[in-house]
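*Asks:* Have a look at this one before I ask anything.
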Amino acid sequence: METPLANLGSKKLIKKHEFVRVIIQCLYSLGYRESAVSLESESGISYKSDEFETLESCIRDANWDACIETLNRLNGLKNETRASALFLVLKQWFLEYLNLGEDSLALEILRKKMSGLEVGKDKVHTLAFGLLSLKDLGLDKEDPDGIYNFRKKLLTELEKVLPPPITVPDRRLEYLVEMAVWSQIDKCVFHNSVDAVTLYEDHQCDASQFPSKTIQILSNHVNEVWYVQFSNNGSYLASSSSDNTAIIWKVLDDGKLTQRHELRSHQKPVSFVAWSPDDTMLLTCGNIEVLKLWDVETGTCKHTYGDADFIVSSCAWFPDSKRFVCGSSDPEKGIYMWDSEGNEIKSWKGTRMPKVLDLAITPDGEKLISIFSDKDIRILNVGTGGERVISEEHPITSLSLSGDGKFFIVNLNSQEIHMWDIAGEWLSPMKFEGHKQHKYVIRSCFGGLDSTFIASGSEDSKVYIWNRRGSKPIKFLCGHSMTVNCVSWNPKKPQMLASASDDQTIRIWGPDVRSK
């Protein structure tokens, strides 16, 4: 038998006794019972503590008084923890009396033993109602294994309630290894793969799984390309241009894109597109253009909203794909909510709603975020009408939401991108810098695996990429010859990025397999 007191590891931070114990637990949880028993025998270390084995023996023999006495003797327990554990034991005692038909004894448990516990009264009331029906409590007299199974469940629940070292948290070794792996991933600035991470070596990605090489140039537009956005399912890309058109592109299985529809109906430049959440419809608009709704499958225009006097600068869908909002750069128009049939549902306008530069709806449909008065961000709760305003020091040109709807970024003409949390817990934003932006509307986006990265266009013809944990770019992509106006990261293909430029092209970026 080995001594359990030695410490392990180069820094001697791991207690050998605890390490062996969690290994034994892991073996049991993986189904290697014989190996676990053998390791317990060889090491002299038991997975279960003496205190828990005593509890297990008392529960197995239905010695409830001894079980309660054991719990009361345990040192270091918080009052609420002890109360929770006692309640579980008393509940089992109560149920077994009911199962035996001893209703008066069961009632005595409720009155005399449970009444003084600091647990929710609703739990005790639930048991009291159980006097009327065992099945409501999950126990059936006709089930011969019912009591046995309930005792097993009690032991499992006690393992979750009682703290270490009395018990070992469930799947502790797996949790520790996973946290170690996650810590390495968290420090890896290029991590962008869904593949499982090997345990055989420390994790560190290179740029081989990162969009860093132009894999296709799309040149179907005949003037500056102002906007690109991948569909929510990652199967399409929409682009808009100052040539008065928008194009829907199909993403093929080999990663190449091909034109699906050219949308010709606008009379002026198209500066914005928005996919419906179900990807069946597409909205297009421009700073001096009307709003149009298109059928993605056929490429036909389903509806035109407003008239030549109704100028729409941006739009966003609600999650039901039936309603959307649009913002106008005309201060008198504000924000309108429409349905896909062309009916106006609601509007926000007036002195408190000056010209709207950009807007977005959170994925749950609860928050409407808009950029107005150049420097102000308004977060409106659509249901309650409550709002919060964030003021920036410099003019804002664009807005983008993270995929999980918890964060948003804004591009400022001070050559910074600011990231805010939508919940309002941050007092100041995270800041990203390095790109060039003085005169034009430059758009950025979240992207990559778990929206870990931020990408942005730039007036120096490059695409800049940051890991959200750092303020400096980790990569910039060269290829365009003029200002890059907008970028979009494929939400289903974390290694695919699109960029739109004044050089009249769209570039599709993918991994450079030669960098492996």
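The values are calculated or read from the model by the stated rules, or taken from the named source; none is laboratory data. Computed from a prediction, not measured in an experiment: that's the story for all the values here. FYI the Cβ positions are ideal-geometry reconstructions off the backbone, even for glycines, and counts take in every protein chain you see. Side chains are part of the model used for accessible areas, which takes the heavy atoms of the whole protein and leaves out ligands, DNA and RNA. Shrake-Rupley method; radii C 1.70, N 1.55, O 1.52, S 1.80 Å.
*Asks:* Sort through 273, 228, 325 and tell me the only one that's outside any loop (DSSP other than H, G, I, E, B), more than 30 Å from residue 217 (Cβ to Cβ) and among the aliphatic types (A, V, I, L, M).
*Replies:* 325
*Asks:* What's the number of the only condition in (1) farther than 22 Å from residue 395 by Cβ; (2) outside any loop (DSSP other than H, G, I, E, B) that residue 419 fails to meet?
*Replies:* (1)
*Asks:* Failed condition for residue 150, given (1) modelled with pLDDT of 90 or more; (2) open to solvent by less than 50 Å² (accessible area, probe 1.4 Å); (3) among the aromatic types (Phe, Trp, Tyr), with all others met?
*Replies:* It is condition (1) that residue 150 fails.
*Asks:* Hey, can you tell me all the residues within the range 171-183 that are in contact (Cβ under 8 Å) with a residue 24 or more places away in the chain and either in contact with a helix residue (DSSP H, G or I) (Cβ under 6 Å, 6 or more places away or on another chain) or open to solvent by 80 Å² or more (accessible area, probe 1.4 Å) (or both)?
*Replies:* Hits for the range 171-183 are 171, 172, 173.
*Asks:* Additional query: Given the criterion touching a Leu at 6+ places or on another chain (Cβ under 7 Å), open to solvent by 40 Å² or more (accessible area, probe 1.4 Å) and of a type in the set (Val, Ile, Thr), identify the matching residue among 14, 24, 59, 68.
*Replies:* Answer to the check: 14.
*Asks:* Tell me, yes or no, whether the range 427-442 has at least one residue that is open to solvent by 50 Å² or more (accessible area, probe 1.4 Å), of a type in the set (S, T, N, Q) and in a strand (DSSP E or B).
*Replies:* no
*Asks:* Picking from 186, 195, 202, which residue would you name as being modelled with pLDDT under 90, assigned to a loop (DSSP other than H, G, I, E, B) and either among the acidic types (Asp, Glu) or out of contact with any helix residue (DSSP H, G or I) (no Cβ under 8 Å at 6 or more places or on another chain) (or both)?
*Replies:* 195
*Asks:* Let me ask something else. Sort out which residues of the range 264-322 are within 20 Å of residue 441 (Cβ to Cβ) and surrounded by fewer than 16 Cβ atoms within 10 Å (Cβ to Cβ), and write them in order of number.
*Replies:* 268, 288
*Asks:* Looking only at strands (runs of 3 or more DSSP E) that lie completely in the range 359-414, which have at least 2 residues being polar (S, T, N, Q) and either without any contact (Cβ under 8 Å) to a residue 60 or more places away in the chain or open to solvent by less than 10 Å² (accessible area, probe 1.4 Å) (or both)?
*Replies:* 396-401
*Asks:* When residues of the range 456-505 are filtered for being within 31 Å of the chain's Cα centre (by Cα), open to solvent by less than 30 Å² (accessible area, probe 1.4 Å) and of a type in the set (Val, Ile, Thr), how many remain?
*Replies:* Selection size over the range 456-505: 4.
*Asks:* What's the total number of residues in the range 231-270 that are over 27 Å from residue 310 (Cβ atoms), outside any loop (DSSP other than H, G, I, E, B) and of a type outside the set (Phe, Trp, Tyr)?
*Replies:* Result for the range 231-270: 7.
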